[in-house]
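Data block below; observations after.
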Amino acid sequence: LPFASQGSVGPPAGWLLCDGVPYNITTYDELYAAIAEVYNVDGDAAGTSRTPNLNGRVITGEGSNGEKTVAIGEDGGEWDVTLDSTMMPNHNHGGGVHTHDILEVGARLGGGSTDDNTSESPDATTTLTTEIANGAASPLVPGSVIALEGGGLSHVNAMPFLGMRYIIKASSEE
């Protein structure tokens with residue numbers, strides 16, 4: 001159950017915080033009867049049972065919704081995720097494969113006319129070659145690779161949340 005308290009105010013008698021702390025199964029036999037060792041982790045001492053650790057977690061229902069089955073005690077999700085190319089949808093970066101007559105491109109770079117696909121610039125080919133060599137023009141040709149973008153950093157993957165404490169009934173004592 002959600003438990004609204006602050007600081008050192010603990011849960012009511014017979015209840016424990018859902019903070020993943022191991023408890024003695026003899027002392028909390030009713031809790032052990034309800035959850036056994038579902039929330040224990042490797043290396044826990046024999047004779048102990050942990051409460052669920054809901055610190056920094058969102059609760060989801062156990063069972064199947066037709067797409068995903070969640071078992072009692074199963075955890076999942078990530079606070080930060082770094083996408084790689086296998087996680088992105090198929091896409092392109094424009095440009096496409098297309099061609100231009102060398103005279104047309106030369107005319108555009110050299111200031112000539114393209115009306116009849118000839119250049120008024122006497123040196124259209126030289127102009128194009130010079131512009132490419134100087135980095136002013138970069139034609140896309142089959143097999144060209146567009147420069148990589150992005151920093152490879154992770155992004156927050158958390159749904160909106162509100163921090164609260166949760167408690168679990170540990171015994172029938174009041």
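Here is how the numbers come out for the structure above:
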quantity	calculated
Fewest-first ranking of L54, L162, using other Cβ atoms within 10 Å as the exposure measure	L162, L54
Relative contact order computed over region 21-66 (Cα-Cα under 8 Å; 6+ residues apart), in percent	41
Net +/- balance of residues flanking G73 in space, Cβ distance below 14 Å, scoring K and R +1, D and E -1	-4
Sorted by Cβ neighbour density within 10 Å, fewest at the top, the residues W79, W15	W79, W15
Nonlocal amide H pairs with Y23, under 5 Å, H built at 1.01 Å	S49, R50, T51
Per-residue Cβ neighbour rank within 10 angstrom, fewest leading, E67, E173, E37	E67, E173, E37
Using θ = phi - 60° and Karplus 6.51 cos²θ - 1.76 cosθ + 1.60, couplings along region 155-171 (whole Hz; Gly, Pro as x)	10, 5, 10, 9, 6, x, 9, 9, x, 9, 8, 10, 10, 10, 5, 9, 7
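No lab work stands behind these numbers, since they all come straight from the coordinates. Predicted, not measured: the structure shown is a model, and the values here were computed from it. Backbone-built Cβ (ideal geometry, glycine too); neighbour counts: all protein chains shown.
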